[in-house]
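Just so it is clear, none of the values below were taken in a lab; they were calculated from the coordinates. Quick caveat: nothing in here was measured; it's all calculated off a predicted structure. Heads up, the Cβs are rebuilt from the backbone with ideal geometry, glycines too, and the neighbour counts pull from every protein chain shown.
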Amino acid sequence: MFDRHNYWQGKDDKILTYFLHLLALNLVEVTRLSSKGQVIIPKALRASHNWEAGQELMAIDVGDGILLKPKKPFPETTLAQVAGCLKYRGKPKSLDNIEDAIRQGIMEQWHDRS
């Protein structure tokens, strides 16, 4: 099973170097967590991602931090339109298998950005 807390173990030097590089290029901005658990996303970052007030975000735990991604709504569909995707002919997957595959996909997408 994927262990998000130990995933980054041994990768600290590379991550720190990357972070310092981004900081030097002024691509990192510092913000604070309020007593209510709120974080202000700096205006330049909101503008660069076209995020406006009310934008729904997904908060994804990536081990040593949190990744914020915009929530993209699915278009409205009927059961008839999507029922074909439910066909699966193979060994049934456990909930743990499914969750591990989702975590792996998220981590792969996260690493493709660096």
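FRET efficiency for the THR77 to TRP51 pair, using the beta carbon distance and R₀ = 22 Å, is estimated at 0.25.
Extending 7 Å from Cα along the Cβ direction at THR17 and again at GLU108 yields two label points whose distance is 2.6 nm. In this structure, the pairs whose alpha-carbon distance is over 24 Å, taken from LYS43/LYS72; LYS36/LYS69; LYS43/LYS69; LYS69/LYS93, are LYS69/LYS93.
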